[in-house]
Structures are given as structure tokens and as C-alpha cells.
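What follows is a single structure, written as C-alpha cells, with notes after it.
The values are calculated or read from the model by the stated rules, or taken from the named source; none is laboratory data. From a predicted model like this one, the values you see are computed outputs, not experimental measurements. Using ideal geometry, Cβ is built from the backbone for each residue, glycine included, and neighbour counts are taken over all protein chains shown.
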Amino acid sequence: MEKFRTVIDIPVSPEKITYHTRCLFMGSCFANDIGEKMQTLKFPVLINPFGTLFNPISISNNILTLISGRTFTSGDLNFHNGMWFSFSHYTGFSRINQQDCLYSINNALAEAAAFLQQCEYLVITFGTAWSFTYIETGKVVANCHKLPSAQFTLDLLNPAEITVRFGEMLTALRQINPKIRVILTVSPVRHWKDGAVNNQLSKSVLLLSIHELLRKHNNTRYFPAYEIFMDELRDYRFYAADMLHPSEQGIDYVWERFCDTWLDEPGKKTMAGVNAILKAVSHRPRQTDSPNLIRFKENTLKQIYQITSSNPELDFNREIAMLREGVAGN
């Protein structure tokens, strides 16, 4: 049969992600997309404890912060437009009150630091090699928080710098968690504000950096999310309305390829069962007190009890509470 598209050949990983495998996702929006898929399906994951991160240096610096176990103090915060914020964090951590800002940051830090020591996979998505340096401190920032552009320099990171800085972080990481495996990806999101040429230049830097990191560090793998979009999904229907971010359909396809590469077969079966339950719970009937609906709820509760009998770590408390409404004996 004639082929109508190119398909990326991804070797199946001999090491598998199961429903018992803890995974930490960090990086750009694409890390959020895949991490949220797993979170929704009740895998034990943690996603972007610093918020969305884009450049490799900020990602590396923040992982080193988790490794060190340090907490943030008022000296780590800045104030602009009535908000306290951290240059290491996304805007979602900004607060009007300084102590509220520190509380949200340090709570997330404590949870992520403990999680990192126990997790088996760290999945990192590089978004761009363009970075902003805060002139006052000379440090690369994770987010500019809408401060005047004159306070920053815009620089293209080079592969050697990324390889060295990220490599040092990987070495430190394996000292606190020798068993951890790292999956590196490049985001398919196009940073169009940089311009078409500069976006492609940025992605090239990231790919060269990853090539060197894979060569120098064991237990580090690459998942070709960027290449899947560039070669397999060469059609704007796989992009959102802005024509820059992946569409839900595109994300679903890459998620399928990720599952084919990393998930074990029992995990896939469990995932199918979890997904069926979630769809059942999300069903919104017109008649809320019909006998058929009550039987439907009872059958769904039975499915939950069956799947949790073999996977007791799965948390269906929210779904059980929703289903028990109107079911006799509950």
C-alpha cells in the first residue's frame, strides 16, 4: 500500500512506566499536556512545581533547588505592579501579599523535593534556547513577569553551555536518586515572537544539546515529540487556533506514541479501565432519578471496586462520592 505520511520510528523502551511509577514533569507547555494526561488517568505524577518553564538553564537551576532542599525567603522575591513574585517561577505563584507568595512557593518546593527523591522518571521538555537575563543580577530568569524589557538582555544559549550546566545537574540528581531515569523532549510549540528563523535556530540548539547529553549520560532517553509534529503531523488541523500550539487531536496522537513507547501492558489495560470509569462519571443524564440511571451508577461503582482491588493506590474518592448520590444503601 502506498504511504501517505512519514512515521517516526521510536524504539520501544525496555524500561516501563507502570501505575506504580512516580513521574515528575518539568518544562514547557508540552510537559503540562502529557503530564496532565497521566494525572487525569490517576498515574502518580507531579507537574511543574515551579510553573511552566521554557529554557534549559531555568529548568536546570530549579531542579538544583529541589536537590538542595532549600526554601525561599523574602530576599528571593521581587515586587512589581502590586505583586510579589519570583524570577524562578511562573506567574501563577505571584501574590499580592508577600507571605502568601512565599507560602505557595515553599509548599510546592517541599512537595516536589520529597517527590524527586522517590520518583523513577523525570520528563523534561525544552521549549526554547532563547533566554532572558535580568541585568541587575546577571542571572537567567524563568519568567520576566512583564517588567520593562530594558531590564533584560535576550540571549541565545549555546549547546556547550546547556550541555555543561544540565550535565552538572544530572550528576547531582543521581547522587540523591541513583535509580532515576530522564526523558528529554523538545516542545513542538513554535515561539513565533522570536521569528520563524530564530525559532528554528532555537530548536536546533536544543536538539544539539540533547544529543550531547544523551551521549554523555546513562539512563537518559529522548522522546521525539518535536519530530512527530514536524514530520508525521504536517497539517494545521493538528494545531490550535493560534497555529502555534498543538491541538487536542495532536496532543492525543503524541500521547498515544508516548504510551506505545513507555507504558507496560498491564498499565495500558488499567488505563483503559480508568478512562471508561471517568467517562461514565462525566455522563450528564437528563433524568437524575430514573431506575436506569441508578443501575448505571451501581455498575460504575462495581467497576471502581474491581479496578481498585488490584490497584489500591488509585484514588476514586471524588468519583465514588458523585456516584453514590441517589444509589440505595449508600
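When the range 112-147 is examined, which residues are found to be among the charged types (D, E, K, R) and under 19 Å from the mean Cα position of the chain (by Cα)? So that I can check it myself, show each step before the final result.
Residues of the range 112-147 among the charged types (D, E, K, R): 120, 136, 139, 146.
Within the range 112-147, 120 is the sole residue that qualifies.
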**Study point:** Check on residue 59, touching a Gly at 6+ places or on another chain (Cβ under 7 Å) and within 17 Å of residue 125 (Cβ to Cβ)
**Key:** yes
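Taking the range 114-138 as the search range and keeping residues that are among the small types (Gly, Ala, Ser) and surrounded by fewer than 20 Cβ atoms within 10 Å (Cβ to Cβ), which one is nearest to residue 76 (Cα to Cα)?
Taking the range 114-138 first, the residues among the small types (Gly, Ala, Ser) are 114, 127, 129, 131, 138.
The next check asks that each one be surrounded by fewer than 20 Cβ atoms within 10 Å (Cβ to Cβ); those that pass are 114, 138.
Values: 114: 21, 138: 15 Å.
Filtering the range 114-138 for residues that are among the small types (Gly, Ala, Ser) and surrounded by fewer than 20 Cβ atoms within 10 Å (Cβ to Cβ), the one nearest to residue 76 (Cα to Cα) comes out as 138.
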Exercise for review: Would you be able to say whether some residue in the range 273-285 is closer than 15 Å to residue 40 by Cα, more than 22 Å from the chain's Cα centre (by Cα), among the polar types (S, T, N, Q) and surrounded by fewer than 15 Cβ atoms within 10 Å (Cβ to Cβ)?
Suggested key: yes
Exercise for review: Would you please name the residue that is farthest from residue 251 (Cα to Cα), looking only at residues in the range 154-165 that are touching a strand residue (DSSP E or B) at 6+ places or on another chain (Cβ under 9 Å) and either buried (at least 20 other Cβ atoms within 10 Å of the Cβ) or acidic (Asp, Glu) (or both)?
Suggested key: 155
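Quick check on residue 313: is it outside the structural domain of residue 127 (by TED's automatic domain parsing), closer than 30 Å to residue 12 by Cα, in contact (Cβ under 8 Å) with a residue 24 or more places away in the chain and not aliphatic (A, V, I, L, M)?
Values: outside the structural domain of residue 127 (by TED's automatic domain parsing): yes; closer than 30 Å to residue 12 by Cα: yes; in contact (Cβ under 8 Å) with a residue 24 or more places away in the chain: yes; not aliphatic (A, V, I, L, M): yes.
Considered against the rule, which asks whether it is outside the structural domain of residue 127 (by TED's automatic domain parsing), closer than 30 Å to residue 12 by Cα, in contact (Cβ under 8 Å) with a residue 24 or more places away in the chain and not aliphatic (A, V, I, L, M), residue 313 comes out as yes.
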Check your understanding: When the range 78-111 is examined, which residues are found to be within 25 Å of the chain's Cα centre (by Cα) and part of a loop (DSSP other than H, G, I, E, B)?
Key -> 86, 87, 88, 89, 90, 94
Revision key, fill the gap. Given the conditions (1) touching a residue at least 60 places away in the same chain (Cβ under 8 Å); (2) among the acidic types (Asp, Glu); (3) in a loop (DSSP other than H, G, I, E, B), every one holds for residue 260 apart from (3)
